[in-house]
Amino acid sequence: MLLEEKENYTASIKQYEHVIDKYEDTPEYYVALARLPYVYLKAGIETESLISTYDTGLGSDDITQKKFLKEMKIATHIKGKRYETAKALAVEMKAEALTEDEISISEIDIAICDMMMESGSKGEKSTIDYMARLNNLLLKDDDQKTEPTVIGEELLPKEIVLYQNYPNPFNPVTQIRFDLAKTEHVKLSVYNINGQKVAELLNEVQNAGVHSVEFDGSKLNTGVYYYTLETDGVRLTNKMVLTK
């Protein structure tokens, strides 16, 4: 990701494509798949060409995480503002779902597509921010749900909430989402079962609202890990499972 940090997007794309082509079904393969849509958007390149990459993986007998590829395919269509196509795929994924979590994620994707199609006239709103906001609102567990405070068109949480990462179990990339009721300094860290810190994802001031942070566990061993959100006077912890 060093090339990406230097904003050398053309070289980053070539590097990720090389990994996808040469290291199928490895942790690096899934990291590359997860990063490519964002690099394409940063480089101003249409994401539609990525769909064939996902289709190739879905057609391979060697790929073990095909649900991940399907979700990436839907997410890429959403990022490319192809909402009708994304919705149709999400409906198919819901019909194939075997667990409640898979059904919930499919329903969230469908809701995102509906919401974005209805808000087409609001082109200045960030698609990614809109997606993150909706995901956090819809993924709240029943015992965590609170009524949001409405300020103009924005929905702000009333309390700090740390959600279950998705996917979980994961290999090797997952998303950690949390709500902040006010702007404050936040630490988001990952620990192993021995209590040793293995990653620090955030240590900075974050605005009030909903947030999503990507965690890449490709350098860690299979096992149980804990992620902890710390703010002024609040410490929340959830468990996640890395499988390889």
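FYI, it's all coordinate maths here, none of it is from the lab. In this text, all values refer to a predicted model and were calculated from it rather than measured experimentally. Glycine gets a Cβ as well: all are built from the backbone with ideal geometry, and neighbour counts include every protein chain shown.
Under the 0.36 nm per residue contour assumption, what length would be gained going from the current alpha-carbon distance of GLU46 and LYS66 to full extension?
Values: separation 20, 0.36 × 20 = 7.20 nm, distance 2.32 nm.
Gain in length upon complete extension: 4.9 nm.
One equal scatterer on each Cα of the range 155-242, no solvent, Debye formula: the resulting log10 I(q)/I(0) at q = 0.14, 0.22 Å⁻¹ is -0.45, -1.05.
Calculate how large, on average over all directions, the projected area of the Cα convex hull of the range 6-63 is; give the answer in nm² to one decimal. Kindly include the intermediate steps, with their values, before the conclusion.
Values: hull surface 15.0 nm².
Averaged projected hull area, Cα only: 3.7 nm².
Taking the highest mean first, how do the peptides 29-36, 62-69 order by number of other beta carbon atoms within 10 angstrom per residue?
Values: 29-36: 22.0, 62-69: 15.2.
Packing proxy ranking, top to bottom: 29-36, 62-69.
In this rough spin-label picture, where each label sits 7 Å from Cα along the Cβ direction, the ALA111-ALA208 distance is 2.2 nm. Of the GluC sites (Glu not before Pro) found in the range 16-122, those that fall in a DSSP loop while having at most 16 other beta-carbon atoms within 10 Å are GLU24, GLU46.
What is the diffusion coefficient of the range 49-94 in µm²/s, taking the Kirkwood radius over Cα pairs and the Stokes-Einstein relation at 4 °C with a viscosity of 1.567 mPa s?
Values: Rh = 10.7 Å.
In µm²/s, the coefficient is 121.
Out of the range 181-223, which trypsin sites (Lys or Arg not before Pro) are coil in DSSP terms and have no more than 10 other C-beta atoms within 10 Å?
In loop regions of the range 181-223 (DSSP not H, G, I, E or B), the sparsely surrounded trypsin sites (Lys or Arg not before Pro) are LYS219.
Of the residues THR231, GLN206, ASN221, the one whose Cα sits farthest towards the positive end of the charge dipole of the range 158-244 is ASN221 (charges of +1 on Lys and Arg Cβ, -1 on Asp and Glu Cβ, taken about the Cα centre).
Each part reduced to its alpha carbon centroid, the range 169-244 and the range 43-70 end up 27 Å apart.
Legend: residue pairs LYS14/LYS182; LYS14/LYS239; LYS14/LYS81; LYS94/LYS239; LYS42/LYS70, Cα-Cα distance threshold 30 Å; pairs beyond threshold, LYS14/LYS182; LYS14/LYS239. Remark: spin-label model distance ALA88-VAL224 equals 4.4 nm, labels positioned 7 Å along the Cα→Cβ axis.
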